[in-house]
Amino acid sequence: MSRLVLIPLPGNEAMAEELADLLDGELQPPEMRNFPDGETYLRLNVDLHGRRAALVCTLDRPDAKFLPFYFTARTASELAPPASG
């Protein structure tokens, strides 16, 4: 079985590193940039097909964190379709 992929959102890297060590997981931070108009660029630089992934993000002050969390979860879900059968 492949290693769990841990995807830390900005500000959660230290917690994700600790979890990766504890769970023998693979740390894969997303590439995120903000455009001047307020939109966000998001890219996951890992092949998630057939792999398990977990997002690492606290949701204190959720207004600023929820949309990046949602977009990352949605992107990860699209890159790792559920196994059939």
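Throughout, read-outs are computed from the coordinates displayed, never taken from laboratory work. Source: prediction; values computed, not measured. So basically every Cβ, Gly included, is an ideal-geometry build from the backbone, and we count neighbours across all protein chains shown.
In the chain, the longest principal axis of the Cα atoms and the axis of helix 13-23 are about 10 degrees apart.
Would you work out the relative contact order for the chain, in percent, from Cα pairs under 8 angstrom that are 6 or more residues apart? About 32 percent, as a whole number.
Net charge of the neighbourhood of Leu23, taken over other residues with C-beta under 12 Å away and scored Lys/Arg +1, Asp/Glu -1, is -3. Scoring 53-65, 34-46, 4-16 by mean Cβ neighbours within 10 Å over their residues and listing the highest first yields 4-16, 53-65, 34-46. Under a Cβ-only charge scheme (Lys and Arg +1, Asp and Glu -1), can you give me the dipole magnitude of the chain about the Cα centre, in debye to the nearest 20? Around 260 debye, computed over the chain. Within the chain, DSSP assigns beta bridges of which about 40% are antiparallel (rounded to the nearest 5).
Between the amide H of Val5 and those of Glu26, Arg52, Ala53, Ala54, distances stay under 5 Å, these residues lying 5 or more places away or on another chain, with hydrogens modeled in the peptide plane. With distances taken between every two different alpha-carbon atoms, region 1-65 has a Kirkwood hydrodynamic radius of 12.8 Å.
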